[in-house]
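Colleague: Here it is, the structure, as structure tokens.
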Amino acid sequence: MAGEGDGEDAELFRDSEQEEEEILTPAQLIAKLEEAWLNEKYSPDLLENKSEIVECVMEQLDHMEQNLQRARKGDLKVTIHRMEMERIRYVLSSYLRSRLQKIERFFPHILEKEKSLLEAAPSCLSPQEFTFAKEYSANCEAFLRGLALRHMPPNLQPLDLLKSVPKPNLDSFVFLTVKERQENILVEPETEDQREYTVDLEEGSQHLMKYKTIAPLVASGAVQLI
Amino acid sequence: MFCEKAIELIRELQRAADGQLPAFNEDGIRQVLEEMKALYEQNQTDVYDRLLRIRSLRWEYGSVLPSGIRFHFAAEETEWFNQYKKSLATYMRSIGGEGGLDITQDMKPPKSLFIEVRCLKDYGEYEIDDGTTVLLKKNSQHFMPRWKCEQLIRQGVLEHVLS
């Protein structure tokens, strides 16, 4: 009896350990970073933040730097690793820049969305991005108020940022490649005399579609923007 | 022509004999207010446009702007710029967990590891990654790691020599 119980417990323990240990290899991690980078680059909207990937990549870069410090100077491996580090740093920086640019561009709408998020819903912004967005918003408002006090006559309406700052254009077209087969995607008509129709997206195929149509598929990873 | 209607209304009032009140020109007033609104909105757009350009200066030049440019800022714009670069610095420091990442560097995909640069003005000593320092004197040429040169190239201190 005691033996069986022990065996079962041991197996349960092993299972949960295995689940936690699903760590990506460095190559897989960088592939995930590149996917996130491309999606963010080509999407008109701010996508869900991938801070876990960012943190892991930063750790990866630290490891590589430490390895390089220990290596012999002039070793060819050093040059190659440096190039790889530069490439990774470029992709990571570009990814974060893409996000920051969108946050600055659409800040009233992004902050409004954050306010109305339900308890368990994932935030688009990382905590650091959220802080940045709030500071950026406060900064812009202070700027406009300062100017208004100095220059504008009092009978004119104060600027409503939520109304005057344009929203992301979800109708813009994007190129995508299909990773997981999708069936019956509803495509809305462009003109009045067209009717809505459905398409099946075959794995590996490429398409040019309205971002709005496939937005949830980007979030789930079923398609990749290119 | 802007303000024509407004001037017309004022003249109308002035032309009326002392004490007499001309009929309330509702149409005229409405036109003037519409003009004011259009001017106001255009002005808002221009003001916002300037702000966007100021923002891109931080990314082009770095956190210290050449004095010639700073001279053109309104007081509110200077304040905005200072707050912006503080915010940006806080954000960049917080990336990853330790030390952060300067995302105003690495603006272009890396092509080669080292590049040939010529110094356009006297800059002084500049430390490269492995601890060695380089003396950046006007007209001197160096073969340096590309990532160290990026910002100096944008600031006009160094020039990429393409042979």
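The numbers here are math on the coordinates, done by the rules we state, and not lab data. Predicted, not measured: the structure shown is a model, and the values here were computed from it. Every residue, glycine among them, receives a Cβ derived from its backbone with ideal geometry; neighbour counts consider all protein chains shown.
Colleague: With springs connecting C-alpha atoms under 10 Å apart, model chain B as a Gaussian network and identify which of B:Ser112, B:Ser87, B:Ser63 has the largest mean-square fluctuation.
Modeller: Ranking B:Ser112, B:Ser87, B:Ser63 by mean-square fluctuation puts B:Ser112 first.
Colleague: From the backbone phi of segment A:119-129, what are the Karplus-calculated ³J(HN,Hα) couplings (6.51 cos²θ - 1.76 cosθ + 1.60, θ = phi - 60°) in whole Hz, Gly and Pro given as x?
Modeller: Rounded to whole hertz, the list is 2, 8, 5, x, 7, 6, 9, 6, x, 5, 5.
Colleague: Amide H to amide H under 5 Å from B:Leu158: which residues, 5+ apart in sequence or cross-chain, H placed 1.01 Å off N in plane?
Modeller: B:Leu120, B:Ile153
Colleague: I've got another one for you. Once the piece of chain linking A:Glu192 and A:Glu52 is laid out straight, how much longer is it, given 0.36 nm per residue of separation minus the C-alpha distance between them?
Modeller: 45.9 nm
Colleague: Turning to a different aspect of this structure: In nm, what is the difference between 0.36 nm times the number of residues separating A:Gln66 and A:Glu114 and their Cα-Cα distance?
Modeller: 13.4 nm
Colleague: For A:Ser93, B:Ser94, which order do you get if you count the other beta carbons within 10 Å of each Cβ and list the fewest first?
Modeller: B:Ser94, A:Ser93
Colleague: Sticking with this one: What Kirkwood hydrodynamic radius do you get for segment A:169-225 when you take the inverse of the mean 1/r over all pairs of distinct Cα atoms, in Å?
Modeller: Hydrodynamic radius (Kirkwood, Cα pairs) of segment A:169-225 is 11.6 Å.
Colleague: Which distance in Å, rounded to a whole number, links the C-alpha centroids of segment A:28-68 and segment B:117-153?
Modeller: What the calculation gives is 30 Å, centre to centre.
Colleague: Over the Cα atoms, compute the radius of gyration (one decimal) and Dmax (the largest Cα-Cα distance, rounded to a whole number) for chain B, in Å.
Modeller: Cα-based Rg and Dmax for chain B come out at 27.2, 87 Å.
Colleague: Please report the Cα spread of segment B:1-84 along all three principal axes, rounded to whole Å, starting with the longest.
Modeller: That works out to 63, 22, 21 Å along the principal axes.
Colleague: Next up: Give the Kirkwood hydrodynamic radius (Å, one decimal) of segment A:105-226, defined as one over the mean of 1/r across all pairs of different Cα atoms.
Modeller: 17.9 Å
Colleague: As a test of understanding, state the convex hull volume per residue of segment B:75-163 from its alpha carbons, in Å³.
Modeller: 135 Å³
Colleague: Could you work out which residue, out of B:Glu76, B:Glu116, B:Glu150, moves most in a Gaussian network model of chain B, that is, has the largest mean-square fluctuation with Cα springs under 10 Å?
Modeller: Fluctuation is largest for B:Glu76.
Colleague: Can you tell me what the convex hull of the Cα atoms of segment A:26-167 projects to on average, as an area in nm²?
Modeller: Mean projected area for segment A:26-167: 12.0 nm², to one decimal.
Colleague: Taking amide H atoms as placed 1.01 Å from N in the peptide plane, list the residues 5 or more away in sequence, or in a different chain, whose amide H sits under 5 Å from that of B:Phe114.
Modeller: B:Arg146
Colleague: I want to check the label-to-label distance for B:Lys86 and A:Leu208. Put each point 7 Å from Cα in the C-beta direction and report it in nm to one decimal.
Modeller: 4.7 nm
Colleague: Using only alpha-carbon positions, what ratio does the radius of gyration of the protein assembly as shown give when scaled by 2.2 N^0.38 Å?
Modeller: 1.35
Colleague: Given points 7 Å out from each Cα along the Cα-Cβ axis, report the B:Val161 to B:Gln14 separation in nanometres with one decimal.
Modeller: 6.9 nm
Colleague: Order by neighbour count: A:Val199, A:Val178, fewest other Cβ atoms within 10 Å first, most last.
Modeller: A:Val199, A:Val178
Colleague: Short version: ³J(HN,Hα) in whole Hz for each residue of segment A:87-102, in order, from phi by Karplus 6.51 cos²θ - 1.76 cosθ + 1.60 (θ = phi - 60°), x for Gly and Pro, what are they?
Modeller: Karplus-based 3J(HN,Hα) across segment A:87-102 equals 4, 5, 5, 5, 4, 5, 4, 4, 4, 5, 5, 3, 5, 4, 4, 5 Hz.
Colleague: Separate question: Along the Cα→Cβ direction, 7 angstrom out, place labels at B:Thr133 and A:Met83. What is the inter-label distance in nm?
Modeller: 3.2 nm
Colleague: With θ taken as phi - 60° and the coefficients 6.51, -1.76 and 1.60, list the Karplus ³J(HN,Hα) couplings across segment A:52-62 in order, rounded to whole Hz; mark glycine and proline as x.
Modeller: For segment A:52-62, the Karplus curve yields 5, 5, 4, 4, 5, 5, 4, 4, 4, 4, 4 Hz.
Colleague: How many lysine pairs does segment A:26-167 hold where the Cα atoms are under 26 Å apart and the two sit 8 or more places apart or on different chains?
Modeller: 29
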